[in-house]
Amino acid sequence: MTGATTDPVARAERAAADPAAEFGNFFLARFLDLAISYDDVAQECVVGLPYAPFLCNPQGSVHGGVISTAMDISMGHLCHRFLSTAVTIEMQMRYFRPLSGFGTCQARLLRAGRRIVHLESRMTDEQDRLVALATGSWHRLDATQAAR
């Protein structure tokens, strides 16, 4: 979405107006106004999380759950683009500083197994400072299909 509003009701209405639920275009990604791109050479996924006051905690920084969601999506898109559709089986988060502006998640593969994929996502702020680090293990759905 471009030109996103910071009004949560307007953003939710716009996100809900599109009934699409396909990969990369589902309500939550539209509501958060995520910008998703790929680097095919480096096999990385970049997710941009625009700042909006309604995404903040009472301290005025972006809520950790919103940050975690954007990072989870970056790893899921990375799996889908370069391996297969996969689902999160565990994710560990480390937060280093508050986010009070635009955040960028950069996901990369650590190990691409036949069934289990290990990834990481790093979120940086507008000054390129590390905000959070997520590592995760994902189960490849194509492995499930092959086992049947």
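The values are calculated or read from the model by the stated rules, or taken from the named source; none is laboratory data. Note that the structure is predicted; figures quoted are calculated from it, not measured. All Cβ positions, even for glycine, are placed from backbone atoms using ideal geometry, and neighbour counts span all protein chains on display.
From the list Gly76, Gly136, the one residue that fits, being of a type outside the set (S, T, N, Q) and under 11 Å from the mean Cα position of the chain (by Cα), is Gly76. Close contacts from the range 7-33, counting a first residue that is in contact (Cβ under 8 Å) with a residue 24 or more places away in the chain and a second that is outside any helix (DSSP H, G or I), with Cβ to Cβ under 6 Å and a gap of 6+ residues or different chains, come to Arg11/Thr5; Asp33/Met1; Asp33/Ala4; Asp33/Pro50. None of Val66, Val47 is aliphatic (A, V, I, L, M) and part of a strand (DSSP E or B) except Val47.
Scanning the range 98-130 for residues that are in contact with a Cys (Cβ under 9 Å, 6 or more places away or on another chain) and in a strand (DSSP E or B) yields Cys105, Gln106, Ala107, Arg108, Leu109, Ala112, Val117, Leu119, Ser121, Arg122, Met123, Thr124. Scan the range 59-86 and report the pairs whose first residue is more than 18 Å from Leu28 (Cα to Cα) and at pLDDT 95 or above and whose second residue is assigned to a loop (DSSP other than H, G, I, E, B) and not hydroxyl-bearing (Ser, Thr, Tyr), with Cβ atoms within less than 6 Å and a gap of 6+ or a chain change. The qualifying pairs are Ser61/Pro98; Ser61/Leu99. Within the range 21-33, the residues that satisfy the criterion of being out of contact with any strand residue (DSSP E or B) (no Cβ under 9 Å at 6 or more places or on another chain) and either surrounded by 11 or more Cβ atoms within 10 Å (Cβ to Cβ) or in a helix (DSSP H, G or I) (or both) are Phe23, Asn25, Phe26, Phe27, Leu28, Arg30, Phe31.
Which members of the range 82-97 meet the condition of being aliphatic (A, V, I, L, M) and either loosely packed, with under 14 Cβ neighbours inside 10 Å or assigned to a helix (DSSP H, G or I) (or both)?
Across the range 82-97, the qualifying residues are Val87, Ile89.
Scanning the range 110-119 finds one or more residues that are surrounded by 18 or more Cβ atoms within 10 Å (Cβ to Cβ), at pLDDT 95 or above and β-branched (Val, Ile, Thr).
Take the residues in the range 39-61 that are in contact with a Lys or Arg (Cβ under 9 Å, 6 or more places away or on another chain) and more than 20 Å from Ser121 (Cβ to Cβ), then tell me which one is surrounded by the most Cβ atoms within 10 Å (Cβ to Cβ). Only one residue fits best here, namely Ala52.
Kindly indicate the residue of the range 34-55 that is out of contact with any strand residue (DSSP E or B) (no Cβ under 6 Å at 6 or more places or on another chain) and free of Cβ contacts under 8 Å to residues at least 60 places away in the same chain and also farthest from Ala10 (Cα to Cα) among those meeting that condition. In this case the residue turns out to be Val41. Output the residue which, of all residues in the range 63-95 that are in contact with a Cys (Cβ under 6 Å, 6 or more places away or on another chain) and hydrophobic (A, V, I, L, M, F, W, C), is farthest from Arg129 (Cα to Cα). The qualifying residue farthest from Arg129 (Cα to Cα) is Ala86.
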